Amino acid sequence: MRKIESPEQLASLRGGLRRKRQEQPVTVIVSSGTCGQARGSLGVVDAFHRELDKQGLSGKVTLRVTGCHGFCEQEPLTIIEPNSIFYCRLKSDDVPKIVSETLIKHRVLDEFLYTDPVSGKKVIHEGDIPFYRAQDRVLLGQNKLVDPCKIEDYIAIGGYTAMAKVLTSINPEEVIAEIKASGLRGRGGGGFPTARKWETCRRAPATPKFVICNADEGDPGAFMNRSVLEGNPHSVLEGMIIGAYVIGAEQGFIYVRTEYPLAVEHSRIAIEQAREYGLLGKNILGSGFSFDMRVVRGAGAFVSGESTALMAALEGKLGEPRPKDVHTVEKGYGNLPSNLNNVETWSSVPFIINNGSAWFSAKGTTKSPGTKVFALTGKVKNTGLVEVALDTPLKTILYDIGGGAIDDKEIKAVQVGGPSGGCIPAKLFDLPVDFEALSEAGAMIGSGGMVVMDEGTCMVDVARYFLEFLQDESCGKCVPCRLGIDRMLEIVTDITMGRATEKQLSLLEELGETIALSSLCGLGKTAPNPVLTTLRYFRTEYEAHVRERRCPAGVCRDLIHYTIDPEKCTGCQVCLHSCPHGAITGEKKKPHTINEKMCSRCGICKEECKFDAVIVG
Amino acid sequence: MELSKLDAILEGKQSRPDQLIEILQDMQDQFHYLPEDGLRIVAERLGVPPIEVMRVANFYKAFSLTPRGRHLLTICMGTACHVRGAPKLLDTVAGHFNISPGDTTPDRAFTLERVNCLGCCAIGPVAVLDDVYHDHMSPGKLHKLIKAVHKQDSEKGNA
């Protein structure tokens, strides 16, 4: 591999790569991110390798193994280009037929097509699927075009053009002006204007300086950073190189959580390949600018995603936050100016440079321009990653893209923004998903997790879940967070166990407000949000637990019982054998009974019973 | 613990305290836990006080200070998995083995871990058994999975 020494050489390499692509337009794209692999995509890839060879198509059809396409629910999925035929929920046994019928005989196979759950119709092309149709996939759209482990793929689709342009013909102030005009705000949750951060870091007098990518996506329910790093790591690298040039940094870090092994691997490969081509290292593209970076793995601490804590962790220390009277753009990693941005923020940069700030700011609202990726999960039909402009109403995401609740239940609420966010009730689904609107509703964009909840979700249990998470993850440095969350958890646990008093409800509110005011870092300050929003919008559920000792959703274990309906029970003994606690007794062909003292309310019996005889009440 | 393996991990990182977490990660991957004598060697070679090494080893969830079992079963407790029933999964395993998350069965066959999110939220609830992800898990499916591993192990043992 020859080093690229000028923008002209990069352009000529791109020209060659493009011609190769055009000469062989038939491409089988298999989505193989972590979700895809969990559902067997690697088996499908192997099968394609084998079958293409066996049926004489190797060399004639390109097989591209890519990152995630966002539609996790339908994995493993494949797109056959040039016609964008979309096949989903594949098994490796399906592959021989796809090769012989679709690739050789050009027949579309109905059995592998996606069925729209709303209309019941089969959909052939990817772009016609409602899940994709209502999205504006700027960042995620590239995932299907590149094999993340091949830098050539990224170069072929125009990758590193923005970097070449910036390094050789735009001065740093002009880049900042362009980013400022675009209105780009930090995608990690806070929404701080990116240009202002860059400007302050650029002006900081100390050297050397650093750029850091925050990929410590610890919010449960969010995985867009994983998807971008797994599926298109070079877009992040390109954004970081541009940022480094603007700020004057020579060294960069990608801090990625160790729970994302594939993202770690793909970022490392990307850095290695960029180095081999001379896109990282000394004198990049002959511009005189030198920059290099490496991957640092997080070690499993939610608080380490906070900027000051992250920088401590980079130094090999305990990942605890410090007071932010001096910002990290002035004194960060190694006490030197450090510019930290989220994965999505970095990867948005090349798009803004290539397409112009006006193109970016035309999407979304004036204050919240551009698109943002949300992770749509929970009790919704179409789960996956969704990218929309920031003025899109919640209901478009939940119903048009998400297809509504599973089993046609009612969606009760959506939890937006993870442990720092809040639960938004159905009556507010007209709200757009911009930074301000969500904050006013008591939630926040956060990292962009959206967990859908239906009537079978207990809002008190959800609040308890987040408190348990936060108590577990609180680093313990400041008292309000360490002790306050503990006390809140105690109260909410009392409520879920049916032993709380009315007084405790108001104490809970007061505690929440105090913690929000007095905690050291952003995580503590936002920690009470899940409780405060559920109290605000779902107070009647709390009251049912307190006053009537009843869980309306039938979730809180101490308030529910499992029994067997003797009329329906056939005495088949399936539940008896599957109960891990030995709580079910009964003779063959006679109704069984559950011993309540031994029952852990795990629900296995209900799941296993074919006669619907297990009653929860 | 084989010292040569630790030497390989430490290569090029002597006297570099900023590499502490990276080294502990590699040790965890290599030995599946952080042996105490190994931590002492790390402290000495990096020039970091042993208590600081212990603090870091204790702080981060990726590190285990006790040996793990032959099989590692991790249950994801992310929000999406939670609302789809992950607590029931944890109960199932805890009930089956009579251990709490973070513990290992007395026969060292299984270690049960909980993780706060694996980022596979759309296909939850998720359980990971020995690096293999299992999507859309239910207590019943998990129960069968554990039984199958037991059976495999005992067949191997008898062979």
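Readers should treat all values here as calculations from the given coordinates under stated rules, not as data from a laboratory. In this text, all values refer to a predicted model and were calculated from it rather than measured experimentally. Here the Cβ is made from the backbone with ideal geometry for all residues, glycine too, and neighbour counts use every protein chain on show.
The figures follow:
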quantity: Chain A - mean residue ellipticity at 222 nm from DSSP helices (-39,500 (n - 2.57) per run, n ≥ 4, rounded to 500); calculated: -11000 deg cm²/dmol
quantity: Region A:555-574 and region A:1-35: distance between their alpha carbon centers, rounded to Å; calculated: 59 Å
quantity: Using alpha-carbon coordinates, inclination of helix A:479-496 to the longest axis of chain A, degrees; calculated: 40 degrees
quantity: Per-selection Rg to Rh, region A:245-396 - Cα, Kirkwood hydrodynamic radius; calculated: 1.00
quantity: Region A:371-454 - Rg (one decimal) and Dmax (whole number), Cα, Å; calculated: 11.1, 33
quantity: 3J(HN,Hα) from dihedral phi, region A:72-77, Karplus parametrisation 6.51/-1.76/1.60, rounded to Hz, x for glycine, proline; calculated: 3, 4, 9, 5, x, 10
quantity: Normalised alpha carbon radius of gyration of the protein assembly as shown [divisor 2.2 N^0.38 Å]; calculated: 0.96
quantity: Amide H within-cut-off set for A:Gly449, under 5 Å, with H built and near neighbours excluded; calculated: A:Ala375, A:Gly417, A:Gly418
quantity: Signed unit charges on C-beta, dipole axis of the protein assembly as shown, positive-most listed residue A:Pro369, A:Thr563, A:Pro220; calculated: A:Pro369
quantity: Kirkwood-type radius of region A:441-486, with distances r between different C-alpha atoms, in Å; calculated: 12.5 Å
quantity: Alpha-carbon centroids, region B:38-73 and region A:500-533: separation in whole Å; calculated: 34 Å
quantity: Kirkwood estimate for region A:561-616, i.e. one over the average of 1/r between Cα atoms, Å; calculated: 10.7 Å
quantity: Total charge dipole magnitude, region A:459-547, about the Cα centre, Cβ charges on Lys, Arg, Asp, Glu only, Debye to nearest 20; calculated: 140 debye
quantity: Stokes-Einstein D in µm²/s, Kirkwood radius over Cα pairs - region A:222-301 at 4 °C with 1.567 mPa s viscosity; calculated: 100 µm²/s
quantity: Helix A:172-182 vs. chain A, principal-axis angle (Cα, 0 to 90°, nearest 10); calculated: 40 degrees
quantity: Percent RCO, i.e. relative contact order, over chain A, from Cα pairs under 8 Å lying at least 6 residues apart; calculated: 11 percent
quantity: Cut-off of 10 Å, at most 10 other beta carbons, DSSP loop: longest stretch of chain B lacking such GluC sites (Glu not before Pro); calculated: B:12-159
quantity: Taking region A:371-454 and dividing mean pair separation by its residue count, relative contact order in percent (alpha carbons under 8 Å, at least six apart); calculated: 37 percent
quantity: Region A:549-617: relative contact order in percent, alpha carbon pairs under 8 Å with at least 6 residues between; calculated: 39 percent
quantity: Kirkwood hydrodynamic radius (C-alpha pairs) into Stokes-Einstein, region A:111-188, 10 °C and 1.306 mPa s, D in µm²/s; calculated: 98 µm²/s
quantity: P(r) tail fraction, region B:3-59 - alpha-carbon pairs more than 19 Å apart, %; calculated: 13 percent
quantity: Percent breakdown of C-alpha pair distances by 5 Å bin, ordered from the shortest bin, for chain B; calculated: 2, 9, 17, 17, 15, 13, 12, 9, 6, 1, 0
quantity: Region A:172-279: radius of gyration and largest Cα-Cα distance (Dmax), Å; calculated: 14.4, 39
quantity: For A:Val388, residues with placed amide H under 5 Å, excluding near neighbours; calculated: A:Asp136, A:Lys372, A:Phe374
quantity: Equivalent ellipsoid, region A:151-360 (semi-axes from 5 times Cα gyration tensor eigenvalues, Å); calculated: 24, 20, 17
quantity: Equivalent ellipsoid, region A:459-547 (semi-axes from 5 times Cα gyration tensor eigenvalues, Å); calculated: 21, 12, 11
quantity: Global size of region B:71-158 as Cα Rg and Dmax, reported in angstrom; calculated: 12.5, 42
